Amino acid sequence: MKTSLESPLRVLLVEDNPNDERLIRRHLTESSSSLLPDSVNFHHAESLDAGVTILADNAIDLLLLDLGLPESEGTETYNRARECFPDVPIVVLTNLDDDQAAVEILNRGAQDYLNKQSLNERNLIRAVRYAVERWERQRELERNREFLKQTQEVAAIGGWKINFRTDTQQWTDEMYRIHGLSQNADPIGEDGFGFYHPEDQNTIREAFDRLITEGEPYDLELRIDVPDDDIRWVRTIGDPLYEDGEMVGANGTMQDITERKEREQELERHRKIIQTVDDGVYVLDETGHFELVNDAMTELTGYDTEELLGEHTSYIKSDEVVERAESTVRSMIFDEHEDAEVTLELDIQRSDGSEFPAEDHLTLLWDDDGERFEGTTGIIRNITERKQREQELQNLSEKLEVLNRILRHDIQNDTQTIQLWTEEIQNELSEDHQETVRRIKQTNKHIQELTENSGALIQTLTQGELKTNPVHLDEIVRSELESARSRYPEAELTVDGSLTDTVVSANGTLSSVVRNLLNNAVQHNRGEMTVTVQLEQDDEFAQLCVLDNGPGVPDEQKDKIFGKGERGMESEGTGIGLYLVNQLTQSYGGEVWVKDREQHQSGREHENCGGAVFVVKLPTANGWI
């Protein structure tokens, strides 16, 4: 048989159903899959006898066998095919869903067992490739075993022989060396079992008893005790000796396998350690295919171990992620090991199609000489929670930045106001000075309240929830209107209707909401500025509307206008007023939006409907009073 998957791949299909034959032919000869060579020579026979005829004139790399042929069924078909094609790998095809039959046929040497009812191009091609590769590996293993057997015949492997007639036992020199004994020692009879470790003595006694009573050979890996309290692992083999049909003795070999056992035990310890790791652990070969995964890796991805082993890393990563990872590995290889380890952030795809952000800490694997790249090993950690925390911290950072700007700008504006009024009372003393002093006190009180509210807001932003209580919105509107009239004497600020008693669920920071809405209405207006306030309520909600006669807000900006810093610090405002309004309103359980004044005034008589309307909707708290 030619080397596996060299082009062309020579396939023989024994199938009596023409529809199935056409489908399988198309899957193999018209596929562009990289798992197949460039060319596939496809042969077809409707019976085993016809297949044998084809085999006589053509070399075949793989036999695809339908179990249900006219001349035979099931395992009988497979057994006949195995006799006719002893040197060709066989993949069985069937319409029967019979697990027991599948296991039996696989145990008899079939490379795979495919149900035609669920057969598709991908499954078929994978089965073909792996069948050819496995068969070649098995043949290579058989050749290696034969070579090893021949090598052992001439190697220094200990041998022994017992003659039942003479009750004598012979050891080779290597047997004495393995036991750590001088050649003067006498291991005859029962004493030979005493060399074995106490925990293994019953095993070897029972095996030897079966050998001499039933003629059953044994092949065991056991421990022996040697001088200086040392323990060695040995492979001990025993076979009966016959003369003229009568068992006359036994012989066998013994090989020191201590180093191999220690390596296996070390590997097993490593495997156990890997299995205890909460993060996913994997090993990829030099082509990026999984060679090892731990249980945590299967839990993270939702795939079974068997599903991942042998698959390319693209099985759980997108093409973009794979290319980025492979590019990183190439850079690490050609940088002469300067960066033997690297950590990547990427998305891992689960079996259900979902993804999760992960951290992949990977390391290059080299041969013992450090010259040849042999693959990568890595640890996959689910960082979903960390990403969420990072986003929460980012959001919190932005909010705290807002508060910082409040303290630096809003309070600064108030201190400037205090300064102006102070200068006024310094210039002259009159009855009006008392009012000025009152204003100074009022402003100072406002500064204190603003500072306290800012502290409360900081606490709210860090704790994620703002405590609310009943607040008289009408009183806050009156107070802030009076303050705005003082700050903006050139603007006309009026109330449309009456400010009836309106109690909402909020807290002291609600004054900042009203103040910023009024400031916004004036600061972003020009010419003859008119600002109108409307206050309405029902049993569940109260609605505050601030109308201006400015240029309005374009439709594409209506959703963005409440973002942090949207206005910019170069304007008269701080650039955070509407952002603060939105954040505070949401923390009360309310909402805020902007619309065109023309839309708001629809159905009402008004001289000028240009401008914008900012609407704050808050839950009422009348039941608390």
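A few remarks follow.
- When you filter the trypsin sites (Lys or Arg not before Pro) in the stretch 286-367 for DSSP loop state and at most 16 other Cβ atoms inside 10 Å of their Cβ, you are left with ARG350.
- Between ASP304 and ASP87, the modelled labels are 3.6 nm apart [label points 7 Å from Cα along Cα→Cβ].
- Cα gyration tensor shape of the stretch 89-146, rounded if a/c is under 1.5, else prolate or oblate by comparing a/b with b/c: oblate
- According to the Cα-based calculation, Rg over Rh for the stretch 282-371 is 0.97, with Rh computed by the Kirkwood formula.
- Of ASP112, ASP66, ASP228, ASP352, the order by accessible heavy-atom surface (1.4 Å probe, DNA, RNA and ligands excluded), from most exposed downward, is ASP228, ASP352, ASP112, ASP66.
- Taking label points 7 Å from Cα along the Cα-to-Cβ direction, HIS270 and ASP352 give a separation of 3.5 nm.
- The stretch 164-237 - percent of accessible surface contributed by carbon and sulfur, probe 1.4 Å: 42
- R0 of 51 Å, Cβ-Cβ distance GLN599-ASP414: FRET efficiency to nearest 0.05: 0.90
- Under the simplified labelling scheme, the ASN58-ILE212 pair shows an inter-label distance of 6.0 nm, with each label point 7 Å from Cα along Cα→Cβ.
- Amide N of the stretch 270-312 lying under 11 Å from the label point, which is placed 7 angstrom from the Cα of GLU374 along Cα→Cβ: 286
The values are calculated or read from the model by the stated rules, or taken from the named source; none is laboratory data. What you are looking at is a predicted structure, and each value in this text was computed from that prediction instead of being measured. Methodologically, a virtual Cβ is constructed for each residue, glycine included, from the backbone with ideal geometry; neighbour enumeration extends over all protein chains shown. These accessible areas exclude ligands, DNA and RNA; they are computed on the full protein's heavy atoms, side chains included. Shrake-Rupley method; radii C 1.70, N 1.55, O 1.52, S 1.80 Å.
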